[in-house]
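So the structure is just underneath, and the comments pick up after that.
The values are calculated or read from the model by the stated rules, or taken from the named source; none is laboratory data. Keep in mind the model is a prediction, meaning the values are calculated, not measured. Counting neighbours? That spans all protein chains shown, and the Cβs are built from the backbone with ideal geometry, glycine included. What goes into the accessible areas is simple: the full protein's heavy atoms, side chains included, and nothing from ligands, DNA or RNA. Shrake-Rupley method; radii C 1.70, N 1.55, O 1.52, S 1.80 Å.
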Amino acid sequence: MLEPSTAGLTAQEIQDLARDAYVFGLPMVEHYRLFALGFLSDSPQVRPANVFLHFSRLFTPKDRDVVSANNDTLYSEANLDLRGEPVVLDTPELGGRYFCIQLVDITTNNLEYIGTRATGTSPGRFVIAGPDWLGELPESLADARVIRSPSRFVAALLRIGVQGPEDVSAAASLQQQFRLTPLHVLTKRPAPKLPDVVWPPYFDDKADSSLKAFEYVNFMMQWHRFTDAEQPLLARFARIGVRPGARMDAQAFAPEVRAAMLEGVKDARRVIQKRPVLHRGWELPDPKVGAFGDDYLLRAHVAWNYIYANSPEEAVYPITHQDGEDRLLDGSRSRYVLRFAADALPPARFFWSLTAYDAETRMLVDNPIQRYSVGDRSRDLKKSSDGSISFFLQHDAPEPQRVANWLPLPDGRFYVLLRIYGPSEAVLRGAYVPPAIDALSD
């Protein structure tokens with residue numbers, strides 16, 4: 001017998017609802033994992049809200065928390081609690097060094113940027129306010145830039161450019177100078193009284209294809225103010241128990257309802273992982289990344305593959321899983337070469353890099369020379385006499401004359417991300433297409 005919320009729905013309609021709700025909610029579940037790392041008491045990264053956790057080294061294969069992490073910048077992250085008041089962010093003098101602060105709402109849309117491109121590298125002060133705050137700022141913050149969020153919790157992701165291992169110490173010193181301060185500390189007023197949030201146990205949706213993900217969708221949705229245009233969609237999802245803050249108990253549904261919902265989840269996971277149209281094997285960035293609007297499938301695809309991708313105007317990430325012959329990249333089967341002509345290097349205002357990832361784990365590739373990316377900041381990079389650059393992608397070390405341009409691969413399937421920080425207009429409108437990665441015959 002169908003439950004009251006699903007009364008009148010056919011099995012196919014329930015399946016379709018579950019599919020659409022899973023696609024809609026998957027980014028919030030993926031995003032939950034970052035908040036869980038900060039707030040769960042048994043997490044090695046547990047810390048209070050509104051406090052930066054600084055990673056004062058470049059990421060390596062040992063870092064397993066975020067898929068497709070870069071090896072170009074130092075990372076810092078903070079979970080902002082905006083339920084009762086804004087948080088004030090102070091940035092130091094960066095002296096022209098590249099940095100950006102990406103503010104990510106509950107749905108994984110990006111808010112306004114802070115950084116070299118968006119606000120410059122002089123010291124700055126910014127006020128980040130949630131959807132419920134209607135107060136006034138003190139005179140001391142009259143010149144601060146106010147950034148509004150539709151979410152009550154926001155992730156703040158700081159990236160600081162590093163020119164190489166010898167530059168890490170200088171970048172790390174700057175990293176420590178970024179400050180987050182709740183408004184009440186500056187106004188010397190009592191902190192707002194807020195109820196404790198009971199964050200559910202850590203959950204990896206990629207390893208679980210049951211209906212459990214919907215419990216986390218419901219939990220996360222309560223911290224976001226959805227638009228009026230999204231209300232009819234939320235009303236549809238409510239018919240299968242997917243609603244902000246509600247307790248989801250899949251076992252309370254009739255067996256035939258659960259079966260239809262599981263089919264919907266299976267459909268959703270299939271469509272989320274479907275490969276898009278490729279150009280020379282590369283998936284080019286969609287201009288809606290970071291400001292997804294109602295393209296919920298794109299939002300889910302990005303969250304599954306490379307969550308926290310920057311908005312295109314900040315950086316773009318062409319990605320490829322295939323070689324020039326449309327075969328899956330596999331370090332156990334082939335060696336590869338990626339050749340950029342002198343007049344076709346990635347057009348970046350700041351810098352660019354190539355990074356290989358294990359296709360199964362989506363993590364950086366462990367290798368004996370501890371090289372995880374190559375690009376225009378690689379000091380020993382060798383160019384050909386015509387100005388072109390050839391990168392050699394393979395599992396085992398190449399000939400000595402090619403080692404400088406070697407990007408190590410796993411002994412199995414992999415994919416490659418080309419990161420272009422500060423992309424040109426040609427990149428943003430899709431006119432720049434990277435060359436294909438070709439199997440190496442010599």
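Determine the order of Asp411, Asp20 by accessible area, beginning with the largest, at a probe radius of 1.4 Å. Could you put the intermediate results ahead of the total?
On the way: Asp411 105, Asp20 45 Å².
Putting Asp411, Asp20 in descending order of accessible area: Asp411, Asp20.
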Got a number for the accessible area of Phe39? Probe 1.4 Å, square angstrom, nearest 10.
-> 50
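Calculated FRET efficiency, Arg379 and Ser169, Cβ-Cβ r, R0 22 Å, to nearest 0.05? Can you show the working numbers first?
Values: r = 17 Å, r/R0 = 0.76.
Efficiency, from the Cβ-Cβ distance: 0.85.
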Accessible area in square angstrom per residue, the chain, 1.4 angstrom probe | 43
Rounded to the nearest Å, the spacing of the alpha-carbon centers of region 94-172 and region 293-315 is 19
Note, ³J(HN,Hα) from phi for region 234-244, Karplus 6.51, -1.76, 1.60, rounded to Hz, x at Gly and Pro | 5, 5, 4, 5, 4, 5, 10, x, 8, 8, x
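If you take the square roots of the eigenvalues of the alpha-carbon gyration tensor of region 371-442 and sort them as a ≥ b ≥ c, do you get rounded (a/c under 1.5), prolate (a/b over b/c) or oblate?
Working: a/c = 1.83, a/b = 1.45, b/c = 1.26.
In terms of gyration-tensor shape, prolate.
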Qualifying GluC sites (Glu not before Pro) for region 274-367 [loop in DSSP, other Cβ within 10 Å: at most 13] | Glu325, Glu360
May I ask you to list the lysines whose Cα is less than 20 Å away from that of Lys212, ignoring any residue fewer than eight positions away on the same chain?
-> Lys266
Residue among Arg258, Arg402, Arg269 with the largest mean-square fluctuation in a Gaussian network model of the chain, springs linking Cα atoms under 10 Å = Arg402
For Gly130, what charge total do you get from the other residues with a beta carbon under 15 Å from its beta carbon, if Lys and Arg give +1 and Asp and Glu give -1?
-> -1
Counting only protein heavy atoms with a 1.4 Å probe and every protein chain in place, the carbon and sulfur fraction of the accessible surface of region 330-377 in whole percent equals 41
Shape category assigned to the chain from the gyration tensor of Cα positions, a/c cut at 1.5 = oblate
Please list, or write none, the lysines whose alpha carbon is within less than 21 Å of the alpha carbon of Lys288, excluding same-chain residues fewer than 8 places away.
-> Lys274
Heavy-atom accessible area order for Lys62, Lys274, Lys206, largest first, 1.4 Å probe | Lys62, Lys274, Lys206
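By its C-alpha gyration tensor, with a ≥ b ≥ c as the square roots of the eigenvalues, how is region 12-150 shaped: rounded for a/c under 1.5, else prolate for a/b larger than b/c, else oblate? Walk me through the numbers on the way to the answer.
Values: a/c = 1.84, a/b = 1.28, b/c = 1.43.
The shape class here is oblate.
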Size of charge dipole - region 1-76 - debye, nearest 20, with Cβ of Lys, Arg +1 and Asp, Glu -1, no other charges | 460
Rounded to a whole number of µm²/s, how large is the Stokes-Einstein D of region 162-216 at 25 °C and 0.890 mPa s, given Rh as the Kirkwood radius over C-alpha pairs?
-> 148
Ranking Pro61, Val127, Gln45 by how far each Cα lies towards the positive end of the charge dipole of the chain (+1 on Lys and Arg Cβ, -1 on Asp and Glu Cβ), the top one is Val127
Which residues in region 379-416 place their backbone N less than 13 Å from a point set 7 Å from the Cα of Ile369 along the Cα-to-Cβ direction?
-> 379-382, 391-409
Under 15 Å from the Cα of Lys382 - aspartates and glutamates, other chains or at least 8 residues apart | Glu399
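Placing +1 at every Lys and Arg Cβ and -1 at every Asp and Glu Cβ, with all other atoms neutral, what dipole size does the chain have around its Cα centre, in debye to the nearest 20?
Working: 49 positive and 56 negative charges, 91 e Å.
The calculation lands at about 440 debye.
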Run the 1.4 Å probe and let me know the accessible area of Glu13, rounded to the nearest 10 Å².
-> 80
Positive dipole terminus of region 302-439, leading residue within Ile420, Tyr317, Ser332 (C-beta point charges) = Ile420
